[in-house]
Amino acid sequence: MVKMKKCKAFFFATQAVAKVMKANGGGSIVNIGSIWAWQAIKATPSSASSMVKAGLQSLTQHLAMGLADFNISVNAVSPAVLVPPIYGSLIDRVAPRVNFLPPDRKSGQTRRHS
């Protein structure tokens with residue numbers, strides 16, 4: 001029940017914001033998703049919240065198509081496991097024990113941009 005309320009909240013909040021953006025000639029909506037909506041991770045069982053984030057991802061795609069004609073862009077970012085250089089080999093030593101990486105054992109890599 002609580003998860004359904006979250007889905008409704010995303011929907012109605014976006015509906016209200018889009019109405020204002022239409023009246024003002026456009027805008028951008030950015031939703032925060034989760035990699036767990038796309039990839040199940042055994043060490044972090046989160047089926048209920050993943051279901052909500054998967055619904056949000058679908059809503060984002062449909063809104064992007066529906067609002068494009070009004071100069072409103074709709075996107076989502078989905079945070080994932082990243083391995084910044086500061087951690088060095090820590091992730092390599094810890095990952096096998098906690099099994100937080102996806103089944104393909106890959107994680108995002110960061111790099112310095114100049």
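Note on region 44-69: residues that are modelled with pLDDT of 85 or more and among the charged types (D, E, K, R) total 1.
Only one of the numbered conditions (1) buried (at least 16 other Cβ atoms within 10 Å of the Cβ); (2) at pLDDT 70 or above; (3) farther than 25 Å from Cys7 by Cβ is not met by Leu101, and that is (2). Selection within region 7-56: residues that are touching a residue at least 40 places away in the same chain (Cβ under 8 Å) and among the charged types (D, E, K, R). The member of this set that is surrounded by the fewest Cβ atoms within 10 Å (Cβ to Cβ) is Lys42.
The values are calculated or read from the model by the stated rules, or taken from the named source; none is laboratory data. The structure displayed is predicted, hence computed values, not measured ones. When we count neighbours, we look across all protein chains shown, and the Cβ atoms used for this are built from the backbone with ideal geometry, even at glycine.
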